[in-house]
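Take a look at the structure set out below.
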Amino acid sequence: TEAWVALLDALAADGRAGASLRAAWATSAAWPAGAAALHRDAFPADAAPLQHSPRSADETVVVHAVRVATELGGPVAATLDAAAALLRERLTARAEALAHAAQARLSARVLTAVPLVFAGWSALTSGSFRAALLSPPGAACALGGGLLNLTGWAWMRRLVRIAARGD
């Protein structure tokens, strides 16, 4: 995303300096990987209509911003600046989601480890706990608790993965 923001900033700067959008696109030094493949979609008059090839949401923003600036005209630099601002907001939201996901991962680890550590410590230090744990009902409870602990860990992992992706 940062590379696409840099490209949009470079295009907007060239536009403010008086270069046409096509010339700025052709001479931009801020090319992220894969930007050349977007030319046919960004400038549809040069090629076939908009291709619906798989691309990231950020690439789609770049293509649509360039198409709007090309086809509708108006303040090209302002249009590209707005698209760059949108991508910056997405970067910020993704970074925040990753920070929250890190907190959730730590919480999941603690909530998974504490019962296991407590059960292990209790089994080592308490004879009555060991006797209860080794009885059939105690073993069933320990097995059930272990399965619930594992299920909770897997569920938290799934939630954290979804949050980190930003879905």
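The values are calculated or read from the model by the stated rules, or taken from the named source; none is laboratory data. Everything quoted here is computed from the prediction, not taken from an experiment. Positions of Cβ are generated from backbone atoms using ideal geometry, with glycine treated the same way; all protein chains shown enter the neighbour counts. Accessible surface areas use protein heavy atoms only, side chains included; no ligands, DNA or RNA. Shrake-Rupley method; radii C 1.70, N 1.55, O 1.52, S 1.80 Å.
For Arg55 and Ile162, compute 0.36 nm times the residue count separating them, minus their Cα-Cα distance, and round to one decimal in nm. Write out the running numbers ahead of the final one.
Values: separation 107, 0.36 × 107 = 38.52 nm, distance 1.99 nm.
Taking 0.36 nm per residue and subtracting the Cα distance, the gain is 36.5 nm.
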Computed over the stretch 57-167: relative contact order in percent, which uses C-alpha pairs under 8 Å that are six or more apart: 32 percent
Calculated FRET value between Thr92 and Trp121, using beta carbons and R₀ = 41 Å, to 0.05: 0.45
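Roughly how many percent of the accessible protein surface of the stretch 66-167 is carbon and sulfur, given a 1.4 Å probe and a whole-percent answer? Mind dumping the intermediate values first?
Details: 5000 of 6960 Å².
The computed percentage sits at 72.
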Accessible-area value, His100, 1.4 Å probe, nucleic acids and ligands omitted, Å²: 100 Å²
Within-14-Å neighbourhood charge of Leu150 [Cβ basis; K, R +1; D, E -1]: +3
